Amino acid sequence: MPVPGELVFESPKRGKPPVHFLDLDQNGRKKAISDLGIPSFRADQVSRHIFEHLDKDPQDWTDVPVEDRLLIVDSLLPTLLSPVRSIECDNGETVKSLWRLHDGSLVESVLMRYPSRVTMCISSQAGCGMNCPFCATGQAGLTRNLSSSEIFGQVLAGAQSLARNQIAGGPGRVSNIVFMGMGEPLANYNAVMTAIHRIVDPSPSGLGISARGVTVSTVGLVPRIRQLASEGLPLTLAVSLHAPDNELRDTLVPVNTRWPVEEVLDSAWEYARVTNRRVSIEYALIRDINDQPERAHLLGELLKDQLVHVNLIPLNPTPGSKWTASRPEAEAAFVRILQEHGVAVTVRDTRGREIDGACGQLAALE
Ligand code: SAH
């Protein structure tokens, strides 16, 4: 029985969302507007309301005639993300949002406010097809790719809430984006790149967030890492390594059987060389699985003398998982050994854990 006041979605079809104004670049937006019989300069006005003023409500776009506004909203601004619920912790400075897409698929995003930055963790797919056994999203498999506007919409929603003083800590701006929510971003390459352009391009094309503040995290799809290196954008690349040896990595990150550790790291070093950006290596520390001193030494050998930084993530056990986080002594030893090899290393903070909003926990279970 539906709860009164709750939206009922009839037989959801898994499918492509409608095209949205923000899927288009400036020329595409002008064309779409003039196809509606509206002068194309309105595209620029609408873009500025969205990207510069972060005006959510078209009723406030008073420089656009009301009949044009209605037509634009009807034809080009379909609602792609409907809020289902949001949960807060850290006194409201961490907010996890659950969104329902047009076909009933569910995705999550997380906003994390720190003293000097606001980071948003966003999803690039509904579910994920990479099947990593320690990751909550991986357990349910892939539903579908998100469109660029479904991806970018998560950022825009956060930016609008911050601008309207709806997040604890006062009005603010999004400074960092991490593609560490649901999905494998490089398996949805084109939509992710379009979303990245909306994030980094200057107004009225995009939000103008620094590309250095945007991190694309991947299991290691080597051809796509090489393609990303050729985009001419100083994005941060994060590689989810989780094991220095193929035998173990084959089990933790199954796509390793296709692109093994050596090839993944080669493409990462090429990325660092081309972009001059330090690559981030993600390593979830799993008790007695990948946290032994031998593996720390092996990892140190692989990474030493490279433009690299290791992010150790204490494992967030997923429900029913046989694995758990490393003991504090093992974690400390792992850090020390990497440092002995001259490798920069930090241990990731676990913001959002209590609301299942931390790394690998986004599963959109309803
Ligand atoms: N598909 C991308 C982005 C996914 S999530 C990728 O794999 O990189 C971002 C990071 O969280 C990845 O490094 C992922 O391996 C890690 N992660 C997934 N599940 C986790 C868990 N249960 N505990 C800690 N980290 C986890």
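The values are calculated or read from the model by the stated rules, or taken from the named source; none is laboratory data. Given the structure is predicted, the values throughout are model-derived calculations rather than measurements. Glycine gets a Cβ as well: all are built from the backbone with ideal geometry, and neighbour counts include every protein chain shown. Protein only, heavy atoms only, side chains kept; ligands, DNA and RNA dropped before computing areas. Shrake-Rupley method; radii C 1.70, N 1.55, O 1.52, S 1.80 Å.
Rounded to a whole number, what % of the accessible area of the range 21-76 do carbon and sulfur atoms account for, probe 1.4 Å? Walk me through the intermediate numbers first.
On the way: 1460 of 2930 Å².
The value for the range 21-76 is 50 percent carbon and sulfur by accessible area.
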Rh by Kirkwood over Cα pairs, then Stokes-Einstein D for the chain at 0.692 mPa s and 37 °C, µm²/s: 153
Gain on full stretching of the segment that runs from D35 to E262 - 0.36 nm per residue minus C-alpha separation: 76.7 nm
With 10 Å bins from 0: P(r) over the range 21-76, alpha-carbon pairs, percent: 25, 64, 10
Within the accessible area of the range 81-355 (1.4 Å probe), percent carbon and sulfur: 48
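With every protein chain left in place, what is the accessible area per residue of the range 81-355 in square angstrom, probe 1.4 Å? Present the calculation step by step, with values, prior to reporting the outcome.
Values: 10590 Å² over 275 residues.
Value returned for the range 81-355: 39 Å² of accessible area per residue.
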Dipole of the range 158-270 [Lys/Arg +1, Asp/Glu -1 at C-beta], most positive-end residue of G208, L241, M182: G208
Given charges at Cβ of Lys, Arg, Asp, Glu: the chain dipole, positive-most of T346, L307, V110: L307
Paramagnetic reach from K322 (point 7 Å along Cα→Cβ, amide N under 13 Å) across the range 124-149: 133-134
Estimated distance in nm for a label pair at D349 and E88, the labels positioned 7 Å out from Cα along Cα-to-Cβ: 1.8
MRE, 222 nm, helices only [DSSP H, n ≥ 4, -39500 (n - 2.57), over the chain, to nearest 500]: -10000 deg cm²/dmol
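Suppose every Lys and Arg Cβ carries +1 and every Asp and Glu Cβ carries -1, with no other charges. What dipole size does the range 193-262 come out with about its Cα centre, to the nearest 20 debye?
Rounded to the nearest 20 debye, it is 240 debye.
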Between helix 261-275 and the chain: long-axis angle, C-alpha atoms, 0 to 90°, nearest 10: 50
Dipole of the range 90-184 [Lys/Arg +1, Asp/Glu -1 at C-beta], most positive-end residue of S148, C128, A159: A159
Tilt relative to the chain, helix 66-76 - C-alpha long axis, 0 to 90 degrees, to 10: 40
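How big is the charge dipole of the range 21-76 about its Cα centre, in debye rounded to the nearest 20, if each Lys and Arg gets +1 on its Cβ and each Asp and Glu gets -1 on its Cβ? Please report the intermediate quantities before stating the final value.
Numbers: 7 positive and 12 negative charges, 34 e Å.
Approximately 160 debye in magnitude.
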Under-5 Å amide H pairs with V310, H placed in peptide plane, nonlocal only: I281, A344, V345, T346
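Can you tell me what share of the DSSP beta bridges in the chain is antiparallel? A percent to the nearest 5 is fine. The partial results should precede the final answer.
Values: 23 of 47 bridges.
In the chain, DSSP labels about 50 percent of beta bridges as antiparallel.
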Folded to 0 to 90 degrees: helix 189-200 orientation relative to the chain principal axis, Cα: 70
Antiparallel content of DSSP bridges confined to the range 82-182, in %, to 5: 90
D60-N131 FRET efficiency (beta carbon distance; Förster radius 30 Å; 0.05 resolution): 0.10
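In debye, nearest 20: dipole of the chain around its Cα centre with unit charges on the Cβ of K, R (+) and D, E (-)?
Values: 36 positive and 43 negative charges, 54 e Å.
Using Cβ point charges on Lys, Arg, Asp and Glu, the chain gives about 260 debye.
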D305-S116 FRET efficiency (beta carbon distance; Förster radius 41 Å; 0.05 resolution): 0.85
In sequence order, calculated HN-Hα J values of the range 248-260 (Karplus, 6.51, -1.76, 1.60; Hz; x Gly/Pro): 6, 5, 4, 8, 7, 10, x, 5, 4, 5, 8, 10, x
